[in-house]
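Each remark here refers to the structure printed beneath this line.
Coordinate-derived values only; no laboratory data. Predicted, not measured: the structure shown is a model, and the values here were computed from it. All Cβ positions, even for glycine, are placed from backbone atoms using ideal geometry, and neighbour counts span all protein chains on display.
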Amino acid sequence: MARSTKKTTETPDTTYQANAGMVAAMAAFSPVAMTAWFDMVQESMRFMSERLETDLEAQRAMLACKTPQELMQVQSDFMKKAFTDYTEETRRMMEMMGVAMKVDIKDTAPTTRRNYDDVPV
């Protein structure tokens, strides 16, 4: 089998530095947005891990089926659970986005205005 001669220009170090720069810029812009983003990534990873386990269990159950009727039942149960899980996860993610959007924008936006209460009279 032929090997690919295509070389990547990014090393793991440059990729990490680019990601670190993006995270730092996001934190400087809005700590609330960064926190919401991290929460959503964490929730996504939790959900995907849980779904992969469920998928593997369903595959094992399908392989154990002895009749077409059993297989149809397992597939039906799997699809019902998947639909329910994805619907619930969508609700969770929308809720997380809603919480992030409820933060008062004046508290998170950087300001260039000077507070004149600090001027001596």
Gyration tensor verdict on region 58-105 (Cα atoms; rounded if a/c is under 1.5, prolate if a/b is larger than b/c, oblate otherwise): prolate
1/(1 + (r/R0)^6) with r = Cβ-Cβ of Trp37 and Arg92, R0 = 22 Å, i.e. FRET efficiency to nearest 0.05, evaluates to 0.90
In the neighbourhood of Cys65 defined by beta carbon distances under 15 Å, the net charge of the other residues (Lys, Arg +1; Asp, Glu -1) is -1
Difference of contour (0.36 nm per residue) and Cα-Cα distance, Lys66 to Thr54: 2.3 nm
Label-point separation in nm, Lys102 to Arg46, each point 7 Å along Cα→Cβ: 1.7 nm
